[in-house]
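Remarks on the structure that follows.
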Amino acid sequence: MSNGYEMKTTFWEDFTIADAFGVSAIEDTYNRAFNGWKHDYVYITELSLVLNWKMFQWYEKDDSKYQIYYKLYTKLDAWCMDNLRNSELIYYIDTTD
């Protein structure tokens with residue numbers, strides 16, 4: 001990640017491992033990460049970043065992985081917009097912009 005963001009979790013590595021096992025492993029990894037960290041706005045923001053980066057990593061390479069990352073990213077982004085408030089939402093928007 002050359003954009004200067006300093007990773008706080010192992011989400012990138014977790015999804016990289018899941019990539020080797022296919023769509024169901026990616027979905028399982030997402031569900032575990034979301035359920036474990038949905039109350040931590042910094043980690044949930046990083047999860048959104050990783051899903052977005054993975055989506056672009058798989059764009060034009062593997063349609064099934066691109067599609068699942070797109071689906072999960074848009075689902076999480078909508079959740080964040082509906083559930084994060086005040087400084088948490090500002091952090092999310094500023095970080096993912």
Within the range 1-38, take every residue that is of a type in the set (D, E, K, R) and either closer than 13 Å to K65 by Cα or in contact with a strand residue (DSSP E or B) (Cβ under 9 Å, 6 or more places away or on another chain) (or both) and give me the one that is surrounded by the most Cβ atoms within 10 Å (Cβ to Cβ).
D19
Of the residues Y41, Y69, which single one is open to solvent by 40 Å² or more (accessible area, probe 1.4 Å) and within 13 Å of the chain's Cα centre (by Cα)?
Y41
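When you look at D63, is it at pLDDT below 95 and open to solvent by 70 Å² or more (accessible area, probe 1.4 Å), yes or no? Spell out how you get there, then give the answer.
Numbers: at pLDDT below 95: yes; open to solvent by 70 Å² or more (accessible area, probe 1.4 Å): yes.
Spelling it out, D63 is indeed at pLDDT below 95 and open to solvent by 70 Å² or more (accessible area, probe 1.4 Å).
The values are calculated or read from the model by the stated rules, or taken from the named source; none is laboratory data. Predicted model only: the values in this text are computed from it and were never measured. Note that each Cβ is placed from the backbone with ideal geometry, even for glycine, and that neighbours are counted across all protein chains shown. With ligands, DNA and RNA removed, areas are computed over all heavy atoms of the protein, side chains included. Shrake-Rupley method; radii C 1.70, N 1.55, O 1.52, S 1.80 Å.
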